[in-house]
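Here's the structure, in structure tokens; my notes come after.
The values are calculated or read from the model by the stated rules, or taken from the named source; none is laboratory data. Computed from a predicted structure; not experimentally measured. Because the Cβ atoms are built from the backbone with ideal geometry, glycine has one as well, and the counts that use them run over all protein chains shown.
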Amino acid sequence: MARLSLLKANLSKDKKNYALKKIIAGASAVVVLALLLQNQPMQDKRSRHDPVFGYLPPLEMQGGDPYIRALMRTISASEANDPMPYSILYGGSRVEDLSRHPEECITIIAGPNIGNCSTAAGRYQMINITWYEKAALYHPNPPGLMFWRSYSFEPKYQDEVVYAWLSDRTAWGTDISQLLRQGELNRVRRLLSGTWTSLGYGIEDNTVTGKLPQIYQKMLQEELQQERNASHPNNNDDVET
């Protein structure tokens, strides 16, 4: 009789332990799901995949003229339409070390320059020669040694160098920001097409080229909204994308 009572007690204890384990497992699943949902907006902000235009992620640099920022995002939509554009190489492969320009010369397999190779890299697909030239002029954190040309190619520096370059009236012979404010996007695209050949007036259009005016308007509205939000932090309403 005592053994039977003990057996029943053990069975009851096992049932309680099993029930407790199920409760813990269920609670853990809820916590994991909540964390995934909490982090989802951050992932969406990083990738910003538009079903029509592709990947339109925000810039890493902070501040600046929203018209130039929108132009930069439009350039990258055509040149490096990728969820992580800062680390992409010509042809679609990726590099991990962004401490300097990758300088990997990859064979061109299509287009007018077939058979040559390209060192284009990063969000703005800058070849190594152009990067070193512009980094020497505009990099906000230049190397300490005069002849050590290893400017950091980290995302924010890619943005800051290109932003400063596009903002330099002397470099382009005109005020690009002012042209954009006047609605002269096509004139700006033509001006830049010698550098970024997929902008519509160059030699290498792609599937995104024809959508660039719409992409620019979308990017401009996002950047203007971001500027308004920064000016009125209590009214930060996300732009519908």
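Would you check which residues across the stretch 21-75 are within 21 Å of L192 (Cβ to Cβ) and at pLDDT below 50 and list them?
none
Please tell me if L191 is surrounded by 18 or more Cβ atoms within 10 Å (Cβ to Cβ) and modelled with pLDDT of 95 or more.
Against the criterion (surrounded by 18 or more Cβ atoms within 10 Å (Cβ to Cβ) and modelled with pLDDT of 95 or more), L191 does not qualify.
Need the failing condition index for D50 against (1) in contact (Cβ under 8 Å) with a residue 60 or more places away in the chain; (2) at positive phi, just the number.
(2)
Would you confirm, using the coordinates I've provided, whether F153 is at pLDDT 95 or above, not acidic (D, E) and not in a helix (DSSP H, G or I)?
For F153, the condition - at pLDDT 95 or above, not acidic (D, E) and not in a helix (DSSP H, G or I) - is met.
Can you report the number of residues in the stretch 95-112 which are surrounded by fewer than 17 Cβ atoms within 10 Å (Cβ to Cβ) and either closer than 13 Å to F153 by Cβ or touching a residue at least 40 places away in the same chain (Cβ under 8 Å) (or both)?
8
Which one of these is of a type in the set (D, E), crowded, with 18+ Cβ neighbours inside 10 Å and under 20 Å from the mean Cα position of the chain (by Cα): E222, E227?
It is E222.
Just to verify a result, which residue in the stretch 205-241, among those that are assigned to a loop (DSSP other than H, G, I, E, B) and at pLDDT below 85, is farthest from A77 (Cα to Cα)?
Checked the stretch 205-241; the qualifying residue farthest from A77 (Cα to Cα) is H232.
Report yes if T174 is farther than 30 Å from I108 by Cα, without any contact (Cβ under 8 Å) to a residue 24 or more places away in the chain and not in a helix (DSSP H, G or I), otherwise no.
Answer is yes for this residue.
Just one of S118, S78 is among the small types (G, A, S), touching a Cys at 6+ places or on another chain (Cβ under 9 Å) and under 19 Å from E204 (Cβ atoms); which is it?
Residue meeting the stated conditions: S118.
A70 versus (1) aliphatic (A, V, I, L, M); (2) surrounded by 13 or more Cβ atoms within 10 Å (Cβ to Cβ); (3) under 24 Å from Y151 (Cα atoms): which is the lone unmet condition?
Of the numbered conditions (1) aliphatic (A, V, I, L, M); (2) surrounded by 13 or more Cβ atoms within 10 Å (Cβ to Cβ); (3) under 24 Å from Y151 (Cα atoms), the odd one out for A70 is (3).
Quickly run through the stretch 106-123 and pick out the residues that are closer than 19 Å to K134 by Cα and not β-branched (V, I, T).
S118, A120, A121, G122, R123
Looking at R181 and the list (1) surrounded by 18 or more Cβ atoms within 10 Å (Cβ to Cβ); (2) over 27 Å from P51 (Cβ atoms); (3) among the basic types (K, R), which single condition is not satisfied?
(1)
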